[in-house]
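**Q** Have a look at this one.
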């Protein structure tokens, strides 16, 4: 004759089952959280690389062509820094024209840091009128700080403390015309370094050399 389980045995079995379920759930929850966190980091890294790639592509096509802004004032071929109107503004070549519109292959682009985000702005013409509007594209968000450093010429290059990296500590943080010398054309820098403070990633530095003129 088969003997059934006692109440104590049933309670012990239920307790063991509940314990195993809790442990399994916690382990599964940790794995799911880890996967979600890894995916978020991967997406953020992809967006960062994409933004830096777009900036690098624009700078590789830099053209030393000044423009006129919507107020009729001359803007140098490249300006940037905290003292400039835009974080970074320059003229680039290689603007594709697959439909063969009657326009130049040069394009003026601005990079802006607003609302903790990096934006790229472009214009349909080089010399703007008062009603010329720009087209903005969001490149990267979660940016808590931006700093630009400019190299005036390659003769100013200095190695870093370990002899491998470039020492940019003494590079100027603004590239703007000298107000004490009106009418003096501002030559473009030889290179620039972009320093981004990104939420969850910390500081990211990227160095770009401009094409020789």
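**Q** Under 6 Å by Cβ, and 6 or more places apart or on different chains, what pairs join a residue from region 197-212 that is over 20 Å from residue 90 (Cβ atoms) with one that is modelled with pLDDT of 90 or more and part of a loop (DSSP other than H, G, I, E, B)?
**A** Pairs that qualify, where the first residue is over 20 Å from residue 90 (Cβ atoms) and the partner is modelled with pLDDT of 90 or more and part of a loop (DSSP other than H, G, I, E, B), are 198/142; 199/142.
**Q** Here is a follow-up. When you go through (1) within 17 Å of residue 153 (Cβ to Cβ); (2) out of contact with any strand residue (DSSP E or B) (no Cβ under 6 Å at 6 or more places or on another chain); (3) at pLDDT 90 or above one by one for residue 171, which number turns out not to apply?
**A** (2)
**Q** Hey, among 81, 94, which residue is at positive phi and modelled with pLDDT of 95 or more?
**A** Details: 94 fails: modelled with pLDDT of 95 or more.
The conditions single out 81.
**Q** Out of 212, 172, 177, 189, which single residue is part of a loop (DSSP other than H, G, I, E, B) and exposed (fewer than 13 other Cβ atoms within 10 Å of the Cβ)? Show your work before the answer.
**A** Numbers: 172 fails: exposed (fewer than 13 other Cβ atoms within 10 Å of the Cβ); 177 fails: exposed (fewer than 13 other Cβ atoms within 10 Å of the Cβ); 189 fails: exposed (fewer than 13 other Cβ atoms within 10 Å of the Cβ).
Unique residue meeting the criteria: 212.
**Q** Next question. Is there a residue being in a strand (DSSP E or B), more than 19 Å from the chain's Cα centre (by Cα) and surrounded by 15 or more Cβ atoms within 10 Å (Cβ to Cβ) anywhere in region 135-145?
**A** Residues of region 135-145 in a strand (DSSP E or B): 135-141, 143-145.
Still in the list and also more than 19 Å from the chain's Cα centre (by Cα): none.
No, every residue in region 135-145 fails to be in a strand (DSSP E or B), more than 19 Å from the chain's Cα centre (by Cα) and surrounded by 15 or more Cβ atoms within 10 Å (Cβ to Cβ).
The values are calculated or read from the model by the stated rules, or taken from the named source; none is laboratory data. Computed from a predicted structure; not experimentally measured. Cβ: placed from backbone, ideal geometry, glycine included. Neighbour counts: every protein chain shown.
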